[in-house]
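K.L.:
Just passing along the structure, written as structure tokens.
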Amino acid sequence: MRTTSGTVAELIARQWGDHRPGLAFEETVLSRHRTAQEAAARAALLVDLLPPRAEPHIGVLLDNTPEFPFWLGAAALAGAAVAGINPTRRGPELARDILHTDCRILVTERTHLPLLDGLALPGVRILVTDTEEYAALLAPYAAAEPGAATLGGRPPGPQDRLLLYFTSGSTGAPKAAICTQGRLAGAGGSLARHFAVTPDDVHYICMPMFHGNAVIADWLPALAGGASVALRRRFSASAFLDDVRAYGATYFTYVGRAVQYLLATPPRPEDREHSLRLGFGTEAGAVDAARFAERFGVRLVEGYGATEGGASVQRTPDTPPGALGRAGAGDDLAVIDPGTGLECPAAVLDPRGRLLNGAEAIGELVNKGRSLFEGYWRNPDAEAARTRDGWYWTGDLFFRDADGFLYFAGRTDDRLRVDSENLAAAVIENILARWSDAAAVAVYAVPDEVAGDQVMAAVALREGASFSPDAFAAFLAAQPDLGTKMAPRYVRVLDAMPTTATNKVHRVGLRRAGFLPRPAPGGAPVPDPVWWRPPGEAAYRLLDEAALAGLLAAYRAQERLVLLERGNGFEHPG
């Protein structure tokens with residue numbers, strides 16, 4: 001099966017007339033022809049529903065039901081674009097995502113309707129998929145064929161937008177990265193060739209389709225390689241292997257802590273009795289990837305490639321443990337010190353692969369060559385920041401060893417990535433600033449003990465106020481726009497916020513300290529109390545010596561202690 005195509009629309013149309021199984025969801029199995037037919041019907045409906053001169057953008061606020069790939073296919077066939085709407089967003093922030101991307105149609109389902117209660121969405125038509133009204137609206141278009149209904153009366157081309165996928169950064173509100181049909185078709189084909197995808201494969205999509213991982217790294221390679229797909233409404237670690245066996249899945253993608261959740265399930269004698277041959281994703285961590293392979297007999301391949309398309313790292317057979325690989329074809333990647341603009345020196349690694357010179361070797365990954373970055377929707381300032389000095393700045397921290405292999409080391413200053421979600425510190429700070437007992441707040445990332453980041457806040461209290469962990473937790477629970485992954489895991493309580501000579505918050509010092517004792521300028525550690533929420537708990541506890549020792553042991557077990565040590569100057573107990 002050929003894996004090259006100029007547009008995603010061509011990949012969808014290629015399924016027409018193919019009556020092999022194409023899409024599985026719960027008890028339903030649809031042929032590849034039927035999935036193309038459903039996409040064509042929605043494309044025809046879309047062409048009729050979009051107002052004249054409106055941007056051809058559809059917001060999709062859905063779980064991983066068949067309607068999600070149907071509407072992706074519909075947008076591709078019609079020459080429109082899908083904005084994936086994150087259901088963990090709340091209130092005004094959710095409305096902002098829909099309106100910022102100029103969505104005139106929002107496709108959702110009844111389970112998500114409460115999220116829209118009270119939101120002002122002027123000019124947005126809402127389609128609720130699991131209703132009789134929706135079925136009646138679609139019925140007249142059931143006989144539509146691919147290519148019969150297009151916007152502007154022309155076939156969609158490689159340059160047409162297909163996705164507006166949100167990604168966060170230090171500029172505050174999430175940015176919508178533009179992804180065209182040509183770039184996405186190329187990405188799908190490249191992955192299909194790299195992983196030798198065939199029509200006999202079944203791609204299991206359990207990561208959320210509003211996120212680029214599921215669409216770009218799972219759905220698109222399946223389309224390009226002629227494989228079928230199986231959908232899981234929402235990720236479930238306990239149901240993962242049962243789904244894999246039921247669907248005969250051979251490939252899946254993951255982000256964030258999904259692999260750790262799978263490893264946390266009770267071992268079973270049949271753990272290796274399945275059809276999986278490969279998992280592809282990010283942030284599993286070398287330790288858990290090895291444990292996953294040992295337990296389930298499945299190789300995990302770590303990759304790097306942002307939704308924006310500005311840089312990619314490709315694994316080669318000689319990639320050492322812990323590294324992601326080298327620069328992708330055509331990329332000229334460098335690890336740059338943002339302060340000086342100079343390339344960082346090569347990493348010095350001990351025999352166990354632990355980084356010994358992190359303060360010098362870690363910098364921002366920059367693509368100095370050609371970039372596939374296609375911009376952000378109506379955000380020229382963010383585009384300029386991303387492409388300053390003629391280079392593409394990824395916003396991600398890396399180090400490079402003497403042989404040129406690249407290692408991921410976290411996010412730049414004001415970016416956080418919590419369980420696969422990119423968050424912006426400024427957005428969380430604006431919410432925490434509402435707390436009446438706070439005189440000042442700062443939010444920043446601390447490394448998670450397994451992968452990615454956790455949210456930490458420093459809070460300087462108003463005069464006469466004292467920190468009540470219960471009151472703080474109640475305040476957080478009452479904030480309608482605090483997303484499910486925004487609540488701080490750690491809170492440092494300060495008498496006064498540390499500032500620089502220019503009266504800016506001294507974030508570097510706070511970030512370096514993390515949840516560890518904060519070094520004073522030439523003396524003993526500053527005795528700031530730090531409160532934390534252990535995983536799975538809602539209440540905050542004081543991070544005492546026993547709890548700190550347990551945390552550090554968890555970091556040591558995952559070989560991530562070096563990320564806490566970088567620049568801290570603190571001698572860890574034990």
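The values are calculated or read from the model by the stated rules, or taken from the named source; none is laboratory data. Here the structure is a predicted model, which means the values were calculated and not measured. Cβ coordinates were reconstructed from backbone atoms using ideal geometry, including for glycine residues, and neighbour counts include every protein chain displayed.
K.L.:
I'm trying to understand the selection: among the residues of region 95-137, which are closer than 19 Å to residue 39 by Cβ and among the polar types (S, T, N, Q)?
P.N.:
108, 129
K.L.:
Test residue 76 against the stated conditions and say whether it is at pLDDT 95 or above, in the same structural domain as residue 34 (by TED's automatic domain parsing) and buried (at least 24 other Cβ atoms within 10 Å of the Cβ).
P.N.:
Yes.
K.L.:
Additional query: Quick check on region 101-117: of everything there that is under 15 Å from residue 163 (Cβ atoms) and not aliphatic (A, V, I, L, M), which residue is surrounded by the fewest Cβ atoms within 10 Å (Cβ to Cβ)?
P.N.:
Filtering region 101-117 for residues that are under 15 Å from residue 163 (Cβ atoms) and not aliphatic (A, V, I, L, M), the one surrounded by the fewest Cβ atoms within 10 Å (Cβ to Cβ) comes out as 102.
K.L.:
Quick check: anything in region 47-54 buried (at least 18 other Cβ atoms within 10 Å of the Cβ) and under 21 Å from residue 230 (Cα atoms)? Write out each step before concluding.
P.N.:
The first filter runs over region 47-54 and keeps only residues buried (at least 18 other Cβ atoms within 10 Å of the Cβ), leaving 47, 50.
Now narrow it down to the ones that are under 21 Å from residue 230 (Cα atoms): none.
Within region 47-54, none of the residues are buried (at least 18 other Cβ atoms within 10 Å of the Cβ) and under 21 Å from residue 230 (Cα atoms).
K.L.:
Among the helices (runs of 4 or more DSSP H) confined wholly to region 56-174, which include 2 or more residues that are farther than 30 Å from residue 442 by Cβ and touching a helix residue (DSSP H, G or I) at 6+ places or on another chain (Cβ under 8 Å)?
P.N.:
Once the helices (runs of 4 or more DSSP H) in region 56-174 are filtered for at least 2 residues that are farther than 30 Å from residue 442 by Cβ and touching a helix residue (DSSP H, G or I) at 6+ places or on another chain (Cβ under 8 Å), what remains is 67-78, 132-138.
K.L.:
Now for a separate question. Can you tell which of 196, 217 is out of contact with any Lys or Arg (no Cβ under 7 Å at 6 or more places or on another chain) and surrounded by fewer than 20 Cβ atoms within 10 Å (Cβ to Cβ)?
P.N.:
196
K.L.:
Limited to region 249-280, what total is found for residues that are at pLDDT 95 or above and under 26 Å from the mean Cα position of the chain (by Cα)?
P.N.:
Qualifying residue count, region 249-280: 10.
K.L.:
Let me ask something else. Any idea how many residues of region 42-59 are more than 11 Å from residue 75 (Cα to Cα) and among the aliphatic types (A, V, I, L, M)?
P.N.:
Looking only at that region, the number is 3.
K.L.:
What number of residues within region 26-35 satisfy the criterion of being touching a residue at least 24 places away in the same chain (Cβ under 8 Å), more than 14 Å from residue 219 (Cα to Cα) and surrounded by 17 or more Cβ atoms within 10 Å (Cβ to Cβ)?
P.N.:
Number of matching residues: 1.
K.L.:
With the checklist (1) out of contact with any strand residue (DSSP E or B) (no Cβ under 6 Å at 6 or more places or on another chain); (2) part of a helix (DSSP H, G or I) in hand, flag the one item residue 274 doesn't pass.
P.N.:
So the condition that residue 274 fails would be (2).
K.L.:
Related question: Exactly one of these conditions fails for residue 262: (1) hydrophobic (A, V, I, L, M, F, W, C); (2) surrounded by 18 or more Cβ atoms within 10 Å (Cβ to Cβ); (3) in contact (Cβ under 8 Å) with a residue 40 or more places away in the chain; (4) within 30 Å of residue 202 (Cβ to Cβ). Give me its number.
P.N.:
All conditions pass for residue 262, except number (3).
K.L.:
Here's another thing I want to ask about it. Considering 481, 448, which residue is buried (at least 21 other Cβ atoms within 10 Å of the Cβ), among the charged types (D, E, K, R) and either closer than 25 Å to residue 173 by Cβ or in contact with a Leu (Cβ under 8 Å, 6 or more places away or on another chain) (or both)?
P.N.:
When all the criteria are applied, what remains is 448.
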